[in-house]
Structures are given as C-alpha cells and as structure tokens.
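Here, each number is a calculation from the coordinates, and none is a lab measurement. This one's a predicted model, so the numbers in the text were calculated from it and none came from an experiment. For neighbour counting, all protein chains shown are included, and Cβ atoms are generated from backbone atoms with ideal geometry for every residue, glycine included.
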Amino acid sequence: MINAALHRLKAFKALEAKKLDGINVTWTGYRNKDEEAWVKSQGGNVVPYGSKTDILLVAPEGNKQVKTGKPEKAIEKGKTVIHFKDLQKMKF
C-alpha cells in the first residue's frame, strides 16, 4: 500500500514538473541559457520567434525589446508576452 502511494506521488510530481509540455517559448531583447534550460526541463521547446511561438519572454529590465516590435505583434496574434519570473509562477 505504501509503495502504491509512493508510486502515485512520484507520477504526480513527474506530471507537475512538465508544466510547459509542448509549449514553444521565444526570447526577445535578451537570451539566457539558465532560463532556456529551465524551459526545456519543464517540457517546453526553445524556438526562434515566428508562428510557432506560444510564449514570448521579454527583457526583465524594460524596453530593450521595443525596437523590434515583437511584443506588440505577438499580442496582436494572441500570444502570451511575459517576463521569465512570471512564467515560472504561472499555473497551466
């Protein structure tokens, strides 16, 4: 009985750890290898900006990304535009 409960707990934690499963994430205004590793560990895909982008991460320090216009275009297309720290807090 304890083994079954432990197995279910491990399975639940494995599901929980993959909260970005199949979600395509792109950065604009910066790039961060640690953030990329976290996205991949959560089941997400690191992709170049384009039609496959589901979530666009913007520079945490502000307006570097404004020159590209990517955030505005992504919002118009219904994509999520967010800072990395907020992505980590999101519930999917």
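Values as computed for the structure displayed
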quantity: Sequence-distant residues sharing a close amide H with Trp27 (under 5 Å, placed H); calculated: Leu57
quantity: Distance in nm between pseudo-label sites at Asp21 and Lys73 (7 Å out along the Cβ direction from Cα); calculated: 3.2 nm
quantity: For Thr68, Thr28, order by how many other beta-carbon atoms lie within 10 Å, fewest first; calculated: Thr68, Thr28
quantity: 11 Å beta-carbon shell around Asp54, net charge (K/R +1, D/E -1); calculated: +3
